[in-house]
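Chemist: Submitted below is the structure of interest, expressed as structure tokens.
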Amino acid sequence: MAELAIIVLNGTTTILTLILVALGLVVVFGMMGVINMAHGELFMLGAYVAVVAEALGLPFWLAVLAAPLLVGLAGFAIELVLIRHVYRRALDTILATWGLSIAIKQAVALSFGPGAFSVTPPIDATLVIGGFAYPVYRLVLTGLALAIIGATFWLFLRTDFGLVARAVIARPETAAAQGIDTRKVMRTSFVLGTGLAGLAGALVAPLISVDPQMGLGYLVPAFLSILIGGAGALAGVLVGGGLVGGVDSLLTLALSPVAAQIAVFVLAVVVIRLRPRGILGGRGER
Amino acid sequence: MLGCASCILAARPEMAPLLAIEGLTGGYGRSQVLHGVDLTVAAGEVVALMGRNGMGKTTLLRRCMGLLPARAGNITFDGAAITDAATHQIVRAGLGYVPQGREIFDDFSVADNLRLSLLGRAKTTMPAALFTWFPLLTERRGQRAGTLSGGEQQMLAIARALVPGPRLILLDEPSEGIQPSLVHAIGEQLAAIVQATGLSLLLVEQNVDLVTMLAERVAFMERGRIVETCPVADLAAADGPLARHLSL
């Protein structure tokens with residue numbers, strides 16, 4: 001029974017971590033249609049904020065506050081210099097952000113070296129469940145992920161900013177013709193998406209190995225989660241993240257990580273074949 | 001050129017034009033659609049823009065709204081140049097737009113479609129008369145806009161443009177895809193609004209009945225130019241401008 005509880009907790013943490021990583025991508029890719037190949041590197045930058053904070057002897061929670069701000073600032077510059085010129089030009093966006101992802105990886109490798117770093121969890125305690133010790137930080141991360149996911153949904157579905165952002169994303173010209181400054185809204189949404197990637201990176205950093213190549217390992221499942229759930233529907237990431245994270249954690253435990261990855265790709269192919277717009281694609285809010 | 005340039009200001013000679021378009025060119029990419037358009041709309045005036053498909057009517061409205069990049073020519077609104085202004089600035093200056101095909105936000109409620117026009121602006125309340133003009137929208141406030149009929153969606157698109165209190169609205173084919181009885185109702189409603197508020201309209205329309213019901217002047221467009229303007233009464237003539245430009 002205790003073993004099952006641990007499996008469920010681990011699975012929940014994996015799913016929520018994936019949704020947390022994918023959340024920024026939902027805004028940038030799912031809603032704005034920007035295929036940001038550098039999203040994994042923005043996540044990685046957030047993790048490096050935690051690495052730098054630890055090296056400087058600063059509290060981890062300060063890094064958690066700073067990461068979305070610093071990575072969001074980087075997102076602001078990226079939008080200004082790069083992304084705004086390629087909105088609604090899918091191929092150009094892929095090439096531009098792919099180049100950006102390589103540049104960020106190399107810049108980080110040059111600055112910090114190619115080796116991996118670890119970040120000490122801010123909460124050292126463990127919770128004993130039926131003889132098994134479970135790290136409290138994983139539970140805290142689960143709670144924070146839920147809160148961040150809830151806050152993002154609230155922002156986009158319940159506030160004036162969210163209404164304006166969804167209008168601009170759905171019909172930019174019509175939104176402009178209603179007096180909305182679409183440039184400002186697109187930039188703000190992109191910065192929000194990148195800030196969320198940075199926040200996820202800092203929060204997940206104590207559970208993973210932080211290195212310049214780590215982004216890709218998170219980018220692919222994040223994209224798959226959005227494609228399976230349905231790009232365009234914010235709630236799609238919950239369904240997609242739940243399926244990808246659930247299958248991955250269950251099969252990793254039952255078989256192997258390789259088998260789990262194969263199963264996730266098969267799942268993606270089947271879902272996209274049967275429902276090209278994803279499980280929730282074509283309905284729900286946009 | 002048929003008609004006369006003097007006709008352009010003849011309808012309201014005492015007034016400076018609210019909207020003045022001079023030598024306007026524009027188009028999509030390398031394709032030039034507008035070839036030097038000259039047109040004015042006076043305060044409180046309703047001008048209809050007619051012409052065959054592909055003559056540049058929609059392009060002209062989109063260019064006026066800043067939805068297409070500036071090339072040559074000038075647009076002034078209430079004396080201020082808006083040729084290079086961004087769309088949201090043009091709207092905030094007092095120009096409204098009802099696009100062809102309505103383009104309402106299908107997944108939003110009727111109320112949210114209307115509310116969007118107020119967000120981020122100093123004005124925070126809807127015009128009091130809005131729901132008197134369109135009582136149906138009061139009943140459907142919470143309904144998803146995509147589930148409204150075509151005519152109801154058109155009413156919503158017009159109401160949405162009215163929310164910020166514009167002085168001039170550019171209306172692109174409001175009768176398109178709507179059953180005739182509703183077209184008549186929309187026409188009557190627009191006439192009442194123009195009467196009550198002094199609103200100006202630049203109306204792109206193929207429906208002669210609607211044009212006759214609303215407009216004071218008609219401008220005909222061919223191959224990206226205004227080729228004739230005339231009082232709306234001239235449309236009744238058998239060999240008049242409708243026969244010349246639309247073969248009607």
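All of the numbers you see were taken from the coordinates with simple rules; none came from a lab. Quick caveat, the model's predicted, so the values are computed rather than measured. Cβ coordinates were reconstructed from backbone atoms using ideal geometry, including for glycine residues, and neighbour counts include every protein chain displayed.
Chemist: Every residue in the range B:157-189 that is among the hydroxyl-bearing types (S, T, Y) and either within 26 Å of B:A80 (Cβ to Cβ) or part of a helix (DSSP H, G or I) (or both), please.
Modeler: B:S181
Per-residue answers, yes or no, for (1) surrounded by 15 or more Cβ atoms within 10 Å (Cβ to Cβ); (2) hydroxyl-bearing (S, T, Y); (3) touching a Phe, Trp or Tyr at 6+ places or on another chain (Cβ under 9 Å):
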| residue | (1), (2), (3) |
| --- | --- |
| B:G150 | no, no, no |
| B:Q153 | yes, no, no |
| B:I158 | yes, no, yes |
| B:S181 | no, yes, no |
| B:A196 | no, no, yes |
| B:N207 | yes, no, no |
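Chemist: So which of A:A222, A:A165 is touching a residue at least 24 places away in the same chain (Cβ under 8 Å), among the hydrophobic types (A, V, I, L, M, F, W, C), within 26 Å of A:I279 (Cβ to Cβ) and within 14 Å of another protein chain (Cβ to nearest Cβ)?
Modeler: Numbers: A:A222 fails: within 14 Å of another protein chain (Cβ to nearest Cβ).
On inspection, the qualifying residue turns out to be A:A165.
Chemist: Which residues, taken from the range B:77-87, are farther than 12 Å from B:G23 by Cα and surrounded by fewer than 23 Cβ atoms within 10 Å (Cβ to Cβ)?
Modeler: Those that are farther than 12 Å from B:G23 by Cα and surrounded by fewer than 23 Cβ atoms within 10 Å (Cβ to Cβ): B:F77, B:D78, B:G79, B:A80, B:A81, B:I82, B:D84, B:A85, B:A86.
Chemist: Restricted to the range B:217-239, and to residues that are surrounded by 16 or more Cβ atoms within 10 Å (Cβ to Cβ) and more than 19 Å from B:C64 (Cβ to Cβ), which residue is farthest from the chain's Cα centre (by Cα)?
Modeler: B:D234
Chemist: Going through the range A:177-190 one residue at a time, which ones are closer than 16 Å to A:R84 by Cα and either in contact with a Leu (Cβ under 7 Å, 6 or more places away or on another chain) or in a loop (DSSP other than H, G, I, E, B) (or both)?
Modeler: Of everything in the range A:177-190, just one residue is closer than 16 Å to A:R84 by Cα and either in contact with a Leu (Cβ under 7 Å, 6 or more places away or on another chain) or in a loop (DSSP other than H, G, I, E, B) (or both), namely A:D181.
Chemist: Can you name the residue in the range B:56-76 that is more than 14 Å from chain A (Cβ to nearest Cβ) and of a type in the set (D, E, K, R) and is also surrounded by the most Cβ atoms within 10 Å (Cβ to Cβ) among such residues?
Modeler: So, considering only residues that are more than 14 Å from chain A (Cβ to nearest Cβ) and of a type in the set (D, E, K, R), the one surrounded by the most Cβ atoms within 10 Å (Cβ to Cβ) is B:K57.
Chemist: Oh, and also: Of all residues in the range A:117-160, how many are in contact (Cβ under 8 Å) with a residue 40 or more places away in the chain and surrounded by fewer than 13 Cβ atoms within 10 Å (Cβ to Cβ)?
Modeler: Number of matching residues: 3.
Chemist: Being surrounded by fewer than 20 Cβ atoms within 10 Å (Cβ to Cβ), in contact with a Lys or Arg (Cβ under 8 Å, 6 or more places away or on another chain) and within 12 Å of chain A (Cβ to nearest Cβ) narrows it down to one of B:D112, B:D107, so name that one.
Modeler: B:D107
Chemist: Looking at A:S189 and the list (1) within 20 Å of B:A86 (Cα to Cα); (2) within 14 Å of chain B (Cβ to nearest Cβ), which single condition is not satisfied?
Modeler: In the conditions (1) within 20 Å of B:A86 (Cα to Cα); (2) within 14 Å of chain B (Cβ to nearest Cβ), A:S189 misses (2) alone.
Chemist: Quickly run through the range A:165-177 and pick out the residues that are in contact with a Pro (Cβ under 8 Å, 6 or more places away or on another chain) and either buried (at least 21 other Cβ atoms within 10 Å of the Cβ) or under 16 Å from B:G146 (Cα atoms) (or both).
Modeler: Residues of the range A:165-177 that are in contact with a Pro (Cβ under 8 Å, 6 or more places away or on another chain), as a first pass: A:173-174, A:177.
Listed by number, the residues that qualify are A:T174, A:A177.
Chemist: Of the residues B:L118, B:L136, only one is more than 10 Å from every other protein chain (Cβ to nearest Cβ) and of a type in the set (A, V, I, L, M); which? I'd like the intermediate steps shown before the answer.
Modeler: Details: B:L118 fails: more than 10 Å from every other protein chain (Cβ to nearest Cβ).
Only one candidate passes the filter, namely B:L136.
Chemist: For B:A196, all conditions in the list (1) more than 22 Å from B:K57 (Cβ to Cβ); (2) within 14 Å of chain A (Cβ to nearest Cβ); (3) touching a residue at least 60 places away in the same chain (Cβ under 8 Å) hold save one; what is the number of the exception?
Modeler: Every listed condition holds for B:A196 apart from (2).
Chemist: Follow-up question, since we're still on this one. Of the residues A:T159, A:T142, only one is on the phi < 0 side of the Ramachandran plot and within 11 Å of another protein chain (Cβ to nearest Cβ); which?
Modeler: A:T159
Chemist: Can you pull out every residue in the range B:80-106 that is over 13 Å from A:T174 (Cβ atoms), free of Cβ contacts under 8 Å to residues at least 40 places away in the same chain and not aliphatic (A, V, I, L, M)?
Modeler: B:T83, B:D84, B:Q89
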